[in-house]
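Only one structure is covered here, and it is reproduced in the block below.
The values are calculated or read from the model by the stated rules, or taken from the named source; none is laboratory data. Because the structure is predicted, anything quoted here is derived from the model rather than measured. As a convention, Cβ positions derive from the backbone with ideal geometry for all residues, glycine included, and neighbour counts pool all protein chains shown.
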Amino acid sequence: MSLQTDSSGGGGGSGGLSGGSDVLGETFYPLYDWLFTDDSEFVGDVETKLAQARMTDTVELYLSRALGIGFISGLALWLLGLLLGYTLFATGIIQVDEILGFPVSSELVLQIIDTLRIPALVFFTGLVFGSIGFAIGFGSLVAIPYSRASTRKRQINMLLTDSVSFMYALSVGGLNQLEIIEAMAQADDTYGEVAKEFQSIVKETEYFDIDYRTAIRKQALETPSDELSQFLTDMLSIVNSGGDMESFLEDKKEKHMRTAKQEQELTLETLELFGEMYMTLSLFPLLLIIIMVVMQMIPQASVTNTMLYMTVYALIPLTGVGFLIMVSTVKEDEPGDGYLSMGDTDDRLENQGEQGLLDLGLIEKFTGDHSVFDRIKNREGTYETMEVLQKPHLFFRDNPLLTLALTVPAALVIVTTAMMNGSAPTSWDGLLENAVWGTFIYVYVPLYVIAIPLAVFREWNVRYRNSVVSQLSEDLRKLSSSNDTGLTLLESLKAVSDTTSGKLAREFEMMHTKVNYGTSLKQALIEFNNKYHIPRLARTTRLITEAQEASNQISDVLRTAARASENHDDIERERKSRTRMQVVIIIMTFMTVLAVIAILKTQFIDTMAGLSSSTGGGTDAASGGGGGGLGEADLSDNIDVDMLSVLFFHAVTMQAILSGIICGYIRDADILSGLKYAVILATIALVGWTLVA
């Protein structure tokens, strides 16, 4: 196994299980040695997954620890099973008359069976529970490296296209093979898990005196991604044969761009299938409600109100949450936080993306040494506080989630005030009498107060940040053309900003101004990137900063960056076009549910209630005339109209909120993106039910 000392990888992954757990592993090592052989396929597979997950434990210690945890959990559940078996069988709660089910002729055998029957059942219950406990303890720990390796594989495959483009651009910029590998290893803030794979190669060569060919071959065997493994293998053949690395990387870049589009197509087709599945799943609770309402009218039916409550308040939310989890297994969010670091050259930028709300920046490093720094800190805190108070909308635009600090208490105050002054019903009977108003106070007021500001500032934040990349591909082409004419990169930035409109052009102009006032171009580029912190922009910025350090003539590198950006634009356009149809399907499904439940309420439930009241007197008068009273009134007596109205309203409300959240997640792979859909659909449900009720 190669050296895995990266703290951000899997090296610290098992750290929470180490320490005291090492004693557990050493204690159960003899059991591991007795159960598994050196050539065990299972042990070899776990060892491979530990390496792929970048976990530093040896397979012997890890499996010994897993056996120990499995033994402890199995022992705990075994004791629980014995207690449960004794409670059920020995105390007579469950009567056991027969076990074998066939007659026994011998009286002695019968007495033995009768004597051992209860202890056997208690022992068997404990054995079953103990086996389940061991499987849970042992299996959950063994599953950790598999899960982490799978996660790393997914992230590597997502970033591999841009990583190959990065390496190709460096090759075009004049870097040799070793420099490309080292640059790739240093770009972990942008290329994440792919960079960590190259870090392993660099560490093998630096600390173990292994030639980089052997290190590449070894990493090709250990990486969890088959695509990266194939890339490293092909790269090794080019290195060994002395082939043209630039041409090789160009071919690989084109290949992986095509592969990225094909994988995107497969993902979108799967989402289309999920959209059709959701249409069926979301209609199932509706059909169940209709069936139970009709069956409630039949006196002999065993349908209770509890079943209706379970359908509305349990089945509908579970269906929505289950579908959301299912979509999350396919929908891919973009890895990385979008922040870049300067390395060891500038502490000010190093923590730029990690500052909290109360962090005042670089001055925090100097307070306590001299009083002047304490005064500067106080002045800085006062200045930033005044900036927030003067422009709160910009503060909440940059930090949308902080709106919750104001809106959640406000919603609680409104609901509590309404309850205390008697405006809101405080009992279920009161809610039945005024269903729309009660639900509005308890559900819609918090939804509007909390979700609307959060959705508005979140959308503003996303649009503000994404506006800078709307013309990224075109402006990169212009930079490349300007650089081709002999202008330096800095002069090209100025030329493009003078001839182009848009936010990115203004940022180019600002970078040019910063450099003229003494800031390095690399620092200006990274400050610009960290201002917007978009992963896609970070990869482009990293590419340019690495190339401009080698030469001012990087037109080929800029063209490569523009090509990668255009490929991303194509994928993004296709994704938005295809997911738009899924959003429409989900919204139309909700509208169908709302319409059907409204018709059920107005045309069926209310009609039956009207028949009951209009025929009530005639039924009483005819009751002595021959038993003709078993008519419409008897069928509708089992129906509680107010209760059904509340359940229907709550059903469409929950369906609206869940459908909105699912729409946003399918659209943008972000739960918060669904807030705007949830508010709109919930408003439609409220207005529609107000008209119905």
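Of the residues S501, S481, S473, S492, only one is part of a helix (DSSP H, G or I), free of Cβ contacts under 8 Å to residues at least 60 places away in the same chain and not aliphatic (A, V, I, L, M); which?
Going through S501, S481, S473, S492 in turn, the sole match is S492.
Among the residues that make up region 220-228, is at least one of them buried (at least 23 other Cβ atoms within 10 Å of the Cβ), under 22 Å from E546 (Cβ atoms) and of a type outside the set (G, A, S)?
Yes, because at least one residue in region 220-228 is buried (at least 23 other Cβ atoms within 10 Å of the Cβ), under 22 Å from E546 (Cβ atoms) and of a type outside the set (G, A, S).
Being surrounded by 14 or more Cβ atoms within 10 Å (Cβ to Cβ) and of a type in the set (K, R) narrows it down to one residue among R397, R379; which is it?
Checking each option against the conditions leaves just R397.
Among the numbered criteria (1) part of a loop (DSSP other than H, G, I, E, B); (2) β-branched (V, I, T); (3) within 21 Å of D337 (Cβ to Cβ), which one does T545 miss?
Of (1) part of a loop (DSSP other than H, G, I, E, B); (2) β-branched (V, I, T); (3) within 21 Å of D337 (Cβ to Cβ), only one is false for T545: (1).
Taking helices (runs of 4 or more DSSP H) that fall entirely within region 202-315, which contain at least 3 residues that are touching a Lys or Arg at 6+ places or on another chain (Cβ under 8 Å)?
226-241, 245-296
Yes or no: region 419-427 includes at least one residue that is crowded, with 18+ Cβ neighbours inside 10 Å and either touching a Lys or Arg at 6+ places or on another chain (Cβ under 7 Å) or closer than 19 Å to G688 by Cα (or both).
No, that holds for no residue.
Looking at E459, is it within 30 Å of V652 (Cα to Cα), within 33 Å of the chain's Cα centre (by Cα) and among the acidic types (D, E)?
yes
Report yes if D38 is at pLDDT below 80 and either assigned to a loop (DSSP other than H, G, I, E, B) or not assigned by the TED database to the domain that holds V194 (or both), otherwise no.
yes
Pairs only if they're at least six apart or on different chains, beta carbon under 6 angstrom, first in region 196-211 and in the same structural domain as Q186 (by the TED database) and surrounded by fewer than 23 Cβ atoms within 10 Å (Cβ to Cβ), second of a type in the set (F, W, Y) and assigned to a helix (DSSP H, G or I); list them, first residue then second.
T205/Y212
Give V408, V415 a once-over and let me know the one that is at pLDDT 85 or above and more than 30 Å from D337 (Cα to Cα).
On inspection, the qualifying residue turns out to be V415.
Criterion first (under 25 Å from P145 (Cα atoms), among the β-branched types (V, I, T), buried (at least 22 other Cβ atoms within 10 Å of the Cβ) and at pLDDT below 90) does V43 satisfy it?
no
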